[in-house]
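Step one of this worksheet: look at the structure below.
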Amino acid sequence: MKKYELIVVYSTLIGEQGLVDEVVRLKELVTAQGGKDIEVETWGKKEFAYKIGKQRFGFYIHFTFASDNSGLIQEVQRLLSINDKVLRYQSHRADVAERKFKGFLNSIDSSDDSDFSDMRTLN
């Protein structure tokens, strides 16, 4: 199973109940398309660095899920792109980023200090 992360920024104009409805709708879509281990984390209402669609604030929601269906993420992105309540979204494979980060940490651990042996001290 491939792990995915999805961050969605919803407009504050939909209100609290509208936000709950959108989150439930997205969870049902992911489940219907074969997604498993769905976790939803609400990051809350945050101010943007610049206006997005004449709005200064947005609701940030973080989803994590696993799926073998390669078309799931394309379908989710397609539906989010046509939803006018969504200001921004970003998705990526979480396991790829995790592997890259672990590889980076391993490269730091395996490096020795001989790379810096030729450095001279300045007077």
If you take every DSSP beta bridge whose two residues both sit in the stretch 2-106, what share of them, in percent to the nearest 5, is antiparallel?
100 percent
Listed here are the pairs Lys3/Lys27; Lys36/Lys85; Lys27/Lys51; Lys3/Lys85; Lys46/Lys85; Lys27/Lys85; which of them are more than 21 Å apart at the Cα?
Lys36/Lys85; Lys27/Lys51; Lys3/Lys85
Which ordering of Glu47, Glu39 is given by a fewest-first count of other beta-carbon atoms within 10 Å?
Glu47, Glu39
The stretch 2-106: C-alpha gyration tensor shape, a/c 1.5 cut-off, then a/b vs b/c
oblate
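Read the figures in this text as sums done on the coordinates, not as results from a lab. All values reported here derive from a predicted model rather than from experimental measurement. Don't worry about glycine lacking a Cβ; one is built from the backbone with ideal geometry, like all the others, and counts go over all protein chains shown.
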